[in-house]
1. I want to confirm something. Restricting to region 374-387 and keeping residues that are surrounded by 14 or more Cβ atoms within 10 Å (Cβ to Cβ) and assigned to a loop (DSSP other than H, G, I, E, B), which single residue is modelled with the highest pLDDT?
2. Checking the structure you have, find out if any residue of region 106-124 is part of a strand (DSSP E or B) and within 23 Å of the chain's Cα centre (by Cα).
3. Given Leu107, Leu135, which one is within 24 Å of Ile72 (Cβ to Cβ) and at pLDDT below 85?
4. Within region 403-416, identify whether any single residue is part of a loop (DSSP other than H, G, I, E, B), modelled with pLDDT under 95, of a type in the set (A, V, I, L, M, F, W, C) and open to solvent by 60 Å² or more (accessible area, probe 1.4 Å), and answer yes or no.
5. Would you say Val425 is under 21 Å from Leu203 (Cα atoms) and outside any strand (DSSP E or B)?
6. Taking region 210-226 on its own, how many of its residues are among the aromatic types (Phe, Trp, Tyr) and part of a loop (DSSP other than H, G, I, E, B)?
7. Within region 110-127, restricting attention to residues that are within 16 Å of Arg91 (Cα to Cα) and open to solvent by 40 Å² or more (accessible area, probe 1.4 Å), which residue is modelled with the lowest pLDDT?
8. Got a number for residues in region 331-359 being buried (at least 19 other Cβ atoms within 10 Å of the Cβ) and part of a loop (DSSP other than H, G, I, E, B)?
Amino acid sequence: MDYRKLLKLPQSCVRRLMNHHLSWLGLAASLPLFGVVTAFAVAGNGDQPEPPRIDVETVTQRLALPVYTSSISTTPYWRDEQVQRGDTLGRLLNRLGIGDGEAQRFLNSSPLSKNLLKLQAGQTLSVQTNDAGELFGLRFLNDDENGEMVMVAIEKANGEWRASADPLETQAIQTMRSVSIDSGSVTAALSRAGVPSEIRAQLNEIFADRFELSSLKPGDRINLVFESLLFNGSPIANGNLLAAEIEHAGQNYRAYYFAHDSESGAYYDENGNPIKKGFSQQPVAGARISSGYGMRYHPVLHSLRMHKGVDYAAVTGTPIIAPADGVIATAEMQSGYGNVVVIRHNAKMSTLYGHMSRFAPGMRAGKSVKAGELIGYVGSTGRSTGPHLHFEVRINDEAVDPSTAALPTPGLSAQQRLAFRQTSVKLAGNLKLLRELPVTVAQLD
């Protein structure tokens, strides 16, 4: 083929386009043709040099494996574990992968009583361990069967294991709740708002002489101020319900706690009048309350502790009577309370009498007793530091303050009324704050 003829073809086209009125338009349209022809001419013009040859060489080399370093840390750290139903200390530690034989042997021979080492479903156990499964310490709250909550601590110090069960070093704060009742039950609404069961029990009893808490309807509202105990910044227990307000059926009911002394107190309305009548009699006539319910400062240990009842100071042999009618539910010897009697007064309320020296004749489960009837005598059996009566009131099996839930409520003197006015004004301010909030308050500390 004569390529020179092909090269003359575009030149002839250019001359014709230059002489035509559409010459420039035609020129633009023919540009791709120039590119194709030129590329074709170049591509077909002579032989191209071959690319340089690349030599490939296979190299085989043995590499040493990196040294494996274990990621298991021996640094101790604390972790919290929820106790499950049926858990023992050994079973729970096995679930956490702790197989420390020395620690297990100490737990089996611990100087603490077996009852103190029993776990309850739902409680929290704090464990100090490491990734290697060593145990360095554990602690948890438990009832010492003497009406007091203690911290059970088992720790390794200076190579030796030690066990203790001491009152808690805690901080007390005021906690507030505001709950609007919806279509569900009052108990469910309070529970969803984080109101503890013992505070619910106290609230139920405060206004029991006027209405049942369960009678509240949708649209009613409850405002509460109560004491919380903090340990290491976390709430672990609750003290007294300090102020309560219930908006029910178009009326407002308010109650304020007033401490008569360092060991006892009761609830009064805004005018200082008693809210509850209480039992007609004391379990020990003429005795003083030497140790009250709730948070108390220990003068020797310099710590706050939670006491679940009240203690009456009395000499051994002092008569103990039933303060109200009821049926004996328990009359037996226990390791913590010693000789103990429990009386059930109705479907909700029961009372406990601990550390008796002996029972009155005929005391047995199922026996009916009347208010004022002898049930036993003051003593110091069980874990007791001296002769006294430990008296508890339980609502739905939750311990509440006997002074506010069952015992006779005394009137206020002129001096006490002045002190009551000062404390109730501050608490009324907190209730007002809650009242003006348009939503349910789950926590406002």
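The values are calculated or read from the model by the stated rules, or taken from the named source; none is laboratory data. No experiment lies behind these values; they were computed from the predicted model shown. Every residue, glycine among them, receives a Cβ derived from its backbone with ideal geometry; neighbour counts consider all protein chains shown. When the accessible area is computed, the model is the full protein with side chains, heavy atoms only, and any ligands, DNA or RNA have been set aside. Shrake-Rupley method; radii C 1.70, N 1.55, O 1.52, S 1.80 Å.
1. Val378
2. yes
3. Leu107
4. Checked against the condition, which is being part of a loop (DSSP other than H, G, I, E, B), modelled with pLDDT under 95, of a type in the set (A, V, I, L, M, F, W, C) and open to solvent by 60 Å² or more (accessible area, probe 1.4 Å), region 403-416 yields no hits at all.
5. Considered against the rule, which asks whether it is under 21 Å from Leu203 (Cα atoms) and outside any strand (DSSP E or B), Val425 comes out as yes.
6. Result for region 210-226: 1.
7. By that ranking, first place goes to Gly122.
8. 3
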